[in-house]
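To start, the structure under review is shown below, and the notes come after it.
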Amino acid sequence: MVYLNRIYTKTGDGGETSLGDGTRVPKTHVRIVAYGGVDELNSVLGVARAHGVPDDLTLTISRIQNDLFDVGADLCIPESEKPPAWTPLRITTEQVARLEGWIDQWNDRLEPLNSFVLPGGSLAAAHLHLARTICRRVEIGVIALAAIEKVNPRVIEYLNRLSDLLFVIARIANDDGRADVKWIPGANR
């Protein structure tokens, strides 16, 4: 359980912060940037919820937001050859599989696409599209981290599936795709 009795610590005033294992790193470290992006993604999902996602999406998004804290917890504790004194929280194959199930479940409601979809439509859908693009950027950041340090591969899988799910549920938030804004190739030539 997390216990926060003080919000400011003054330990980051010099441009460093602590990882979950106590290691001090610069705030610009690729690991900090990676899980900072996860926090940004989670916040945008909160904005999408505040802009009225359909009721049947609320629980799904709420569970995703909780999982994103798990992703951040996973990323903030580096994988190590020496096992820590406690078992770190790690993203699991079950969490990835749950996203795949949701993708299939929600996509079954939609008509197949005959064009790419422009981000937009309802406010909730527009924010879900924004969340999708942030998710892709965060995934790339985690891949960059994995190129220099060991990372739980389930984190990358989770983010990859999540961006796909966010595309599908953005369409759900656009009246099951009926209010999607379609790309018209060369329309402004």
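No value in this document is a laboratory result; all are computed from the given coordinates. Being a predicted model, the structure only gives us computed values, none of them experimental. Every residue, glycine as well, gets a Cβ built from its backbone with ideal geometry; the counts of neighbours run over all protein chains shown.
Worth pointing out:
- In the distance distribution for the chain, Cα-Cα pairs more than 28 Å apart total 33 percent.
- In order through the range 43-50: 3J(HN,Hα) via Karplus (6.51 cos²θ - 1.76 cosθ + 1.60), integer Hz, x for Gly, Pro: 5, 5, 5, x, 5, 4, 4, 5
- Taken about its Cα centre, the chain carries a charge dipole of roughly 480 debye when the Cβ of each Lys and Arg holds +1 and the Cβ of each Asp and Glu holds -1.
- Lysine pairs within the chain, Cα separation less than 27 Å, 8 or more sequence positions apart or different chains: 4
- Chain lengthening between residue 80 and residue 114 when straightened (0.36 nm per residue, less Cα-Cα): 7.6 nm
- Close amide H contacts of residue 117 (hydrogens built in the peptide plane, cut-off under 5 Å, sequence separation of 5 or more or a different chain): 183.
- HN-Hα J in Hz across the range 142-153 - Karplus 6.51, -1.76, 1.60, θ = phi - 60°, x for Gly and Pro: 5, 4, 4, 4, 5, 6, 10, 9, 5, 9, 4, x
- Sorting 177-189, 90-102, 125-137, 62-74 by their mean Cβ neighbour count within 10 Å, with the most densely packed peptide first, gives 125-137, 62-74, 90-102, 177-189.
- Cut-off under 5 Å, modelled amide H: who pairs with residue 92 long-range: none
- Helical content alone sets the calculated 222 nm signal of the chain at -19500 deg cm²/dmol, taking -39,500 (n - 2.57) per DSSP H segment of four or more residues and averaging over every residue.
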